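Here's the structure we're looking at; comments come further down.
The values are calculated or read from the model by the stated rules, or taken from the named source; none is laboratory data. If you're wondering where the values come from, they're calculated on a predicted model, not measured in any experiment. Cβ sites come from the backbone with ideal geometry, for glycine too, and all protein chains shown count toward neighbours.
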Amino acid sequence: MDLLLAIRNDGAITEVRLERQTKVELSKKYDVLRASFLGPDTEVHEYAPAFRPEDDGVLRLKFDLPNEIWNCRHSLPNGVPILDGRALADGLKALAG
């Protein structure tokens, strides 16, 4: 993982600064979680209202990322603030790696 962003409750994004080794360890952990969640035998179904897959299946949701996050896919744009205590106190909606 090269970049970790926090999405605040107001929709703004901030950068979560991590040490290099922390990024390496998080990447390893996410790789393990991804492999256990979405393996070669996992059935992937397109989302349909009221459909519930079996225990070995998952639903694929179509979701458009907010432009602020989409714009970070190649490099972090100038002006993205660093996550600080105030932002944490206001609450976070999500983390995106």
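The single condition from (1) within 25 Å of K93 (Cα to Cα); (2) out of contact with any Phe, Trp or Tyr (no Cβ under 7 Å at 6 or more places or on another chain); (3) not β-branched (V, I, T) that F51 fails is (1). Answer yes or no: is there a residue in region 52-61 that is under 16 Å from the mean Cα position of the chain (by Cα), at pLDDT 80 or above and surrounded by 10 or more Cβ atoms within 10 Å (Cβ to Cβ). No.
Within region 37-48, the presence of a residue that is of a type in the set (D, E, K, R), loosely packed, with under 13 Cβ neighbours inside 10 Å and in contact (Cβ under 8 Å) with a residue 60 or more places away in the chain is excluded.
List the pairs whose first member sits in region 70-96 and is without any contact (Cβ under 8 Å) to a residue 24 or more places away in the chain, whose second member is of a type in the set (D, E, K, R) and outside any loop (DSSP other than H, G, I, E, B), and whose Cβ atoms are under 9 Å apart, counting only residues at least 6 apart or on separate chains? Between residues of region 70-96 that are without any contact (Cβ under 8 Å) to a residue 24 or more places away in the chain and residues that are of a type in the set (D, E, K, R) and outside any loop (DSSP other than H, G, I, E, B), the close pairs are P77/E68. Taken over region 38-87, the criterion of being more than 17 Å from G11 (Cβ to Cβ) and either among the aliphatic types (A, V, I, L, M) or touching a helix residue (DSSP H, G or I) at 6+ places or on another chain (Cβ under 7 Å) (or both) is satisfied by L38, V44, A48, A50, V58, L59, L61, L76, I82. The residue of region 1-58 that is farthest from G97 (Cα to Cα), among those that are of a type in the set (F, W, Y) and assigned to a loop (DSSP other than H, G, I, E, B), is F51.
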